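Here the structure comes first, spelled out in structure tokens, and everything after it is commentary.
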Amino acid sequence: QGAQIIVFPEDGIHGFNFTRSSIYPYLDFVLHSHSGKWNPCREPYLFNDTEVIQRLSCMALKNKIFLVANLGTKQPCEHTDPHCPPDGRYQFNTNVAFDDDGTLVATYRKHNLYFEYAFDTPPEPDYKHFDTPFAGKFGMFTCFDILFFEPAVNLIRQYNLKQIVYPTAWMNQLPLLSAVEFQQAFATAFNVNILAANIHHPSLGMTGSGIYTPVKSFIYHNMESYGGKLIVAEIPVMTTDRETNLESNEGFKENLHDSCRTFTSSSLDDQVCFKEQEETPGRVSEKGNEQLPSPFYAEMMYDNFTFVPVWGEKGELQVCANTLCCYLNYRRAVLTDELYALGVFDGLHTVHGTYYVQACALVKCGGLSFSSCGQEVTDATALIDFQLWGNMSTPYIFPLLLTSGITLDFADHMGWKNNHYFMSKNRTSSGLLTAALYGRWYEKD
């Protein structure tokens, strides 16, 4: 089909559920400090235990295609090395990249392991990228790495990367961390192209691959059947002169240049606009006699969110927790018998990983009771115009917009305005599941 680069998923070669010793026979030897001039297909004799690497190299060479794959690798270490495991070897979850001549051009060892007891964390994070004649530099990291500063964010910023290859075996977690939802948000937030290959294993909740640009996606998400799918797309090369949606860490609040006009949406007659002197945007209830709904608490993604119900045809809401306040201005096209809620969380997430989250989320609840808010929901019918914003304390905001059937939509406008990050949408393409600003405050992890 004329593809120039192909990316395979994490764990696709060896599979799952290994112990440190049971995976050992499947590990290839890879010298990670290698200068990158080795062609395993043409020089198979250089190292022992490189069968998988040789086969991949020959596939790249024979098909004249850049190839990225994930496999387990081993590296002996000396007991004088303080990090060396007791059995005298490192075992890494590794991505390898080959050029169209079969030469090994980059290896990356996964840094943020997700309950992978067969593998070691490398002593230092790898910052790995490789050059291509058709799209410049590609950066490389794996699965859970996408949620952390090291090495993913640091790699992109340090090398000003615009294309990313991303093998993953991602267990979907609705409403905020479904694979396609977060992959898309990452591409949007960092203004990069991502080639995300997810393993297809519905019983483990693993599905959702895609080729993402900041403005368009080609995705495959299928929980019903076991058939995988090859996604092929032609996308524009991102160049480095376009401004990233994330301002630099230092000046992100000063460099706000969205005009009031882009923020207002024509279909909402109650337009919200920030005036420079306003402390908080929006008018939550300046009429005074409107009874605002009381907040309630429910668990979402193992975190204790504070919610307010989203009732009626239209309205303005706010909900706060710790230092974070979230605001919503909404209108529904048609009233449906579905409960939605606006939730806020500002704290340390501690289940299946520890990391600090600031989130403002409009979600469809699982049923009509408050306790059902935060549950995993895959279908919705409500079409909602909304503006969602919050006084986030971090510049790293991932805008999530997920619609019925686990499909993606794109916000009309988003960005910083008067120390608040906002996202607005006039009409989702199908029923709204989740509209959220998912902030990662890396310094507080």
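If you wrap a convex hull around the Cα atoms of region 5-239, how much volume per residue is inside, in Å³?
Details: hull volume 30.1 nm³, N = 235.
Once divided by residue count, the hull of region 5-239 is 128 Å³.
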### Query
Working out 0.36 nm times the residue gap between residue 115 and residue 445, then minus their Cα-Cα distance, what length gain in nm do you get to one decimal?
117.0 nm
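So for the chain, what are the equivalent ellipsoid semi-axes in whole Å, largest first, each being the square root of 5 times an eigenvalue of the Cα gyration tensor?
Working: eigenvalues 356, 95, 84 Å².
After scaling each eigenvalue by five and taking roots: 42, 22, 21 Å.
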### Cα centroid separation, region 207-224 to region 93-155 (Å)
21
### Summary
With bins of 5 Å, the percent of all Cα-Cα pairs of region 303-394 per bin from 0 is 3, 14, 23, 23, 20, 11, 5, 1, 0
### Task
Express as a percent, rounded to the nearest 5, the fraction of DSSP beta bridges in the chain (both residues included) that run antiparallel.
85
### Task
Given a cut-off of 25 Å, name the pairs among 37/62; 364/444; 62/229; 128/229; 137/417; 37/137 whose C-alpha atoms lie farther apart than that in the structure shown.
364/444; 128/229; 137/417
### Query
With each pseudo-label sitting 7 Å past Cα toward Cβ, what's the residue 291-residue 334 distance in nm, one decimal?
3.0
### Task
Tell me the label-point distance for the pair residue 59, residue 131, using the 7 Å Cα-to-Cβ offset, in nm and rounded to one decimal.
2.6
## Note on the structure
region 365-442 -> Rg/Rh from Cα coords, Kirkwood Rh, value 0.99
### Message
Given a Förster distance of 22 Å, report the FRET efficiency between residue 430 and residue 203 from their Cβ-Cβ distance, rounded to the nearest 0.05.
### Response
0.25
#### Entry: Inter-label distance, nm, simple model (7 Å from Cα along the C-beta direction), residue 233/residue 32
3.1
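How far, in nm, would the chain grow between residue 13 and residue 158 when pulled straight, counting 0.36 nm per residue and subtracting the alpha carbon separation? Mind showing how you got there, number by number?
Working: separation 145, 0.36 × 145 = 52.20 nm, distance 3.10 nm.
That works out to 49.1 nm of additional length.
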### Query
Once fully extended, how much extra length lies between residue 224 and residue 419, figured as 0.36 nm per residue of separation less the alpha-carbon to alpha-carbon distance?
65.9 nm
### Summary
Taking R0 as 25 Å and r as the Cβ-Cβ distance between residue 46 and residue 124, the FRET efficiency 1/(1 + (r/R0)^6), rounded to the nearest 0.05, comes to 0.50
### Query
Which FRET efficiency value, to the nearest 0.05, do you get for residue 348 and residue 216 by plugging their Cβ-Cβ distance into 1/(1 + (r/R0)^6) with R0 = 45 Å?
0.85
### Query
Which percent of the accessible heavy-atom area of region 37-195 goes to carbon and sulfur, probe 1.4 angstrom?
53
### Query
Within region 1-97, which GluC sites (Glu not before Pro) sit in a loop by DSSP and count at most 10 neighbouring Cβ atoms inside 10 Å?
78
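Counting heavy atoms of the protein chains only and a 1.4 Å probe, report the per residue accessible area for the chain as a whole number of Å².
Values: 19050 Å² over 445 residues.
Counting only protein heavy atoms, the per-residue value for the chain is 43 Å².
The values are calculated or read from the model by the stated rules, or taken from the named source; none is laboratory data. Since the structure is predicted, the reported quantities are computational estimates derived from the model, not experimental observations. Every residue, glycine as well, gets a Cβ built from its backbone with ideal geometry; the counts of neighbours run over all protein chains shown. Ligands, DNA and RNA are stripped out before the accessible areas are found, and what is left, the full protein with its side chains, is counted by its heavy atoms. Shrake-Rupley method; radii C 1.70, N 1.55, O 1.52, S 1.80 Å.
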